Amino acid sequence: MLRKLAIVVSVLVVILGGAFLYYKDTIIETVHFAKQTKETASKVNEVNKKLPALIEQAKGSQGATKSEDKSAAEQEIKQQLITVKQELNKLVQTEPPAKLKSLQEKLAASSDEANQQIDEYISQIDNGHFDPEQFEALYEQMKDSPEFKEAEKYLNMLK
């Protein structure tokens, strides 16, 4: 009886080991993609939490100190936008598992559009033409979009 059990366990180990070796690359790709997605989502979420306060600072008021605060806030917004852009690019460049290729293509298309908008705001900040009111309106509109709400749903699932 013990000998039969040992044989069955040995056969199962060989089968499972063979299956793992056969699917090893797919498993590793999936884990790597999931890690990168979670990391990107986490960093973008951090930026998302910081932006409302930075936008309020960038609106500023009169006075020398307020002007310095406004400029510092604009530079911090710029840095946060660069962070988002870098994270999106990392995620787009991460090779997805075969089953997620179509999702990756949609992400790449959305990322290109987001990068163009980010570049526009960075340029406005660099040229002194940044309008925090307009940026806030776009940010609020983006937060209310179905895509953003869907992304938030997936982020909460990854936590």
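Checking each residue in the stretch 19-53 for being modelled with pLDDT of 75 or more, open to solvent by 60 Å² or more (accessible area, probe 1.4 Å) and of a type outside the set (Val, Ile, Thr) picks out 29, 32, 35, 38, 39, 43, 46, 49, 50, 53. Within the stretch 64-116, the residues that satisfy the criterion of being more than 19 Å from residue 47 (Cβ to Cβ) and of a type in the set (A, V, I, L, M, F, W, C) are 64, 98, 100, 103, 108, 109.
The set of residues in the stretch 83-103 that are open to solvent by 20 Å² or more (accessible area, probe 1.4 Å) and more than 10 Å from the chain's Cα centre (by Cα) comprises 93, 95, 98, 99, 100, 101, 102, 103. Somewhere in the stretch 115-130, is a residue over 30 Å from residue 72 (Cβ atoms), polar (S, T, N, Q), surrounded by 11 or more Cβ atoms within 10 Å (Cβ to Cβ) and touching a Phe, Trp or Tyr at 6+ places or on another chain (Cβ under 7 Å)? No: the stretch 115-130 contains no residue that is over 30 Å from residue 72 (Cβ atoms), polar (S, T, N, Q), surrounded by 11 or more Cβ atoms within 10 Å (Cβ to Cβ) and touching a Phe, Trp or Tyr at 6+ places or on another chain (Cβ under 7 Å).
If the condition is being among the aliphatic types (A, V, I, L, M) and within 18 Å of residue 148 (Cα to Cα), then the stretch 74-132 contributes 81, 84, 88, 91, 92, 103, 107, 108, 109, 114, 118.
The values are calculated or read from the model by the stated rules, or taken from the named source; none is laboratory data. Computed from a predicted model, the values in this text were never measured in an experiment. Neighbour counts are summed over all protein chains in view; Cβ atoms, including those assigned to glycine, are modelled from backbone coordinates with ideal geometry. Each accessible area value is taken on the protein alone, full model and side chains, heavy atoms only, with ligands, DNA and RNA left out. Shrake-Rupley method; radii C 1.70, N 1.55, O 1.52, S 1.80 Å.
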